[in-house]
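Comments concern the structure below.
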Amino acid sequence: MNLRIRQLTKHYGTTAVFANVSLDVSPGEFVAIVGESGVGKSTLLNCMAGLDHWDSGTVQCDGVDLGLLGDDARALLRRQKVGFVFQAFHVLPHLDVAQNVGLPLLLQSAPDPARVQAMLDAVGLGELGARLPQQLSGGQLQRVAIARALVHRPTLLLADEPTGNLDPTTAALVMEALISQTRTHGTSLVLVTHSHTAADRADRVLHLHADGVR
Ligand SMILES: Nc1ncnc2c1ncn2[C@@H]1O[C@H](COP(=O)(O)OP(=O)(O)O)[C@@H](O)[C@H]1O
Ligand SMILES: [Mg+2]
C-alpha cells in the first residue's frame, strides 16, 4: 500500500499528543517507528488504520483520504487492505486457532480453510488449528494473531509492539514470522517497537516526537 500522512495533529482535550506528523510508506516497505512511552505511537498507528480520529492533517491509503470516509467505509477498507497485530494478542478465547485465523475471511463472506491452513503452516502452527487459545503459549498466541492479520492478504500490516509481552527467544521467532511473511507477500509493514534488533531490520526507522517524526 501507499500510505501517505501529512501534517497530522491529534489532541486529547487541550493536550497535543503529536503535531505535524508527515510520513510515507511505499508498497512492500518495512518502516519501524520508535519513541518514548506516551509519545503517541499507538495513537498514530490507530489513526493509520482509521480506528481513531485526528484534529487536522490527512491520512491517505492508496490515494483514499480516510478523513473523508465514515466509520462503515473505514471498516470496509480495513477489512480489505489492513491487518493489525497488538501487544496483547487479542485472540478470541472461545474460538479455536483455525477459527481465529479464519475470521477475516468469514467477515468477507469468503471462508477458505485451505488458505487458513497454509497460513498456519507459514507461521509454524500447522498442527495446532484445533487447539483453543488457552492451550497455547504467548509466542504461539502472537503467531495466531499474525496469521489472522495476514490471512486476507492485506497490503498494509500495522504492528504495535507485537513482541512486548514475549521473552527474547520467543520474540525473535515471532519477529521472524512477521518479517518473512510481509516480505514474501510484498506487504507494507509499519512496526512500533522498542527492540533494536527488530528496528535494525527495517528499511527505515522513524523517531516519533511530540512535534513530528524525523
Ligand atoms: N483515550 C485517551 N484519553 C486521553 N488521553 C489519552 C487517551 N489515549 C491515550 N492518551 C494519552 O495520549 C498519549 C499517547 O498515548 P499512546 O499513543 O498510547 O502512546 P505510546 O503508544 O507512544 O506509548 C499518552 O500521553 C496517553 O496518556
Ligand atoms: Mg503504545
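Applying a length cut-off of 20 Å (Cα extent along the axis) and a mean Kyte-Doolittle floor of -1.0 to the DSSP H helices of the chain leaves 168-185. Can you tell me the FRET efficiency between A75 and R183 if r is taken as the Cβ-Cβ distance and R0 is 35 Å, rounded to the nearest 0.05? Taking R0 as 35 Å, the efficiency between A75 and R183 is 0.80.
With neighbour counts taken as other beta-carbon atoms within 10 Å, the residues M48, M1 rank, fewest first, as M1, M48. Shown here: the range 169-214, whose C-alpha atoms stretch 33, 26, 13 Å along the first, second and third principal axes, sorted largest to smallest. Averaging the sequence gap over all C-alpha pairs within less than 8 Å and six or more residues apart, then dividing by the number of residues, gives the chain a relative contact order of 31 percent.
Selection among V82, L66, P93 by position relative to the dipole of the range 66-214 gives L66 as farthest towards the positive end (Cβ unit charges, Cα centre).
Put in order of Cβ neighbour count within 10 Å, fewest first, the listed residues D72, D160 become D72, D160.
Judged by the mean number of other Cβ atoms found within 10 Å, the most tightly packed of the peptides 26-37, 4-15 leads the ranking 26-37, 4-15.
None of the figures in this text is laboratory data; all of them are computed from the coordinates on show. Since this is a predicted model, take the numbers as computed values, not measurements. All Cβ positions, even for glycine, are placed from backbone atoms using ideal geometry, and neighbour counts span all protein chains on display.
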